[in-house]
Amino acid sequence: MNAVAAAGAAPAAARSSALLAAATLARREVVRFFRQPWRIAGAAGSPLLFWLLIGSGLSSSFRLPGGPAGLDYREYFFPGTVALVVLFAAIFATISTIEDRAQGFLQGVLVAPVPRAAIVGGKVLGGAALAWLQGLPFLALAPFAGVALTVRSALAAAGVLALLAIGLAGVGLAFAWRVDSVQGFHAVMNLLLVPMWLLSGAFFPLDGAPRWLAALMRVNPMTYGVAALRRALYLGGAPLGPALPPFGTALAATALVAAAGFLAALLASRGARVD
């Protein structure tokens with residue numbers, strides 16, 4: 001009887017240990033972030049300037065094909081800017097993996113008797129939480145962009161942001177496992193994620209884009225995250241453009257990207273060096 005009880009308690013203890021490890025790593029990311037105020041300014045300040053300067057500069061000449069006349073570019077650009085906040089925040093958060101490796105902390109975590117999935121889950125959850133927490137205050141600026149938020153649309157947008165944050169944190173972490181320097185990580189992210197954002201419908205709409213460019217936008221995973229966020233903010237009360245994916249399709253694709261991001265980080269961690 002005691003042997004059976006002990007056998008049943010072992011998996012429960014292992015699960016508890018894995019959850020504790022993941023929660024501890026996630027909490028560490030959040031605590032470290034709030035001890036570095038410059039990271040808050042860097043992650044939120046640049047997108048805010050982009051929105052103000054680019055939005056104001058193009059507001060008089062912008063016209064959404066198939067959308068209402070007179071749509072201000074700052075309103076169109078707003079969902080894409082929120083996505084940019086999350087993107088920058090996720091990139092800054094996953095850089096900590098490279099720093100942890102250089103300081104020896106990551107090696108200690110990797111040899112700990114906890115599943116690798118718990119380590120990856122803690123890092124992804126911590127990075128995604130930081131990105132989400134930075135995206136929410138910017139989301140609250142929607143009325144200043146001309147977007148009338150309701151309780152339903154705000155909750156829907158916050159949910160989309162959470163999925164987007166998980167996917168971006170997972171992708172960032174997958175590269176951070178493999179890249180040895182912060183400079184190299186920035187180069188990879190600028191080469192990959194910034195073009196993905198530019199081709200997501202955040203900066204210019206899919207409607208009216210050249211055929212080759214529209215094809216790239218349709219296969220870009222981030223297009224669906226930005227589209228889901230745009231749909232959530234309006235909940236069907238367009239100015240959205242006829243080529244924008246439906247909310248259900250965009251949301252399902254964003255959830256799939258979030259799962260794929262976590263899986264990519266987990267696979268990349270399998271070959272991570274312990275030395």
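The values are calculated or read from the model by the stated rules, or taken from the named source; none is laboratory data. What you see is a predicted model, and the numbers here were worked out from it, not measured in a lab. Please note: Cβ atoms are built from the backbone with ideal geometry, for glycine as well, and neighbour counts cover all protein chains shown. For accessibility, only protein heavy atoms count, side chains too; no ligands or nucleic acids. Shrake-Rupley method; radii C 1.70, N 1.55, O 1.52, S 1.80 Å.
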Of the listed peptides 157-165, 77-85, 260-268, 181-189, what is their order by residue-averaged count of other C-beta atoms within 10 Å, with the highest listed first? 77-85, 157-165, 260-268, 181-189
Given points 7 Å out from each Cα along the Cα-Cβ axis, report the Ala23 to Leu53 separation in nanometres with one decimal. 4.4
Expected sort for 246-255, 219-228 on mean C-beta neighbours within 10 Å, highest first, is 219-228, 246-255
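Based on the mean of other Cβ atoms within 10 Å per residue, sort peptides 192-204, 90-102, 134-146, 116-128 so the most packed one is first.
Numbers: 192-204: 19.6, 90-102: 22.5, 134-146: 17.4, 116-128: 24.5.
Taking the mean over residues of other Cβ atoms within 10 Å, the ranking is 116-128, 90-102, 192-204, 134-146.
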Tell me, what is the FRET efficiency for Leu235 and Ala102 to the nearest 0.05, using R0 = 30 angstrom and their Cβ-Cβ distance as r? 0.10
What FRET efficiency comes out for Gln183 versus Trp212 if R0 is 45 angstrom and r is the Cβ-Cβ distance? Round to the nearest 0.05. 0.90
May I ask you to give the solvent-accessible area per residue for region 138-230, in square angstrom, as obtained with a 1.4 angstrom probe? 44
In nm, give the distance between the simple-model label positions of Arg116 and Leu155, each being 7 Å from the Cα along the Cα-to-Cβ direction. 3.9
First obtain the Kirkwood hydrodynamic radius of region 186-240 from its Cα pairs, then insert it into the Stokes-Einstein equation at 37 °C and 0.692 mPa s, and state the resulting D in µm² per second as a whole number. 277
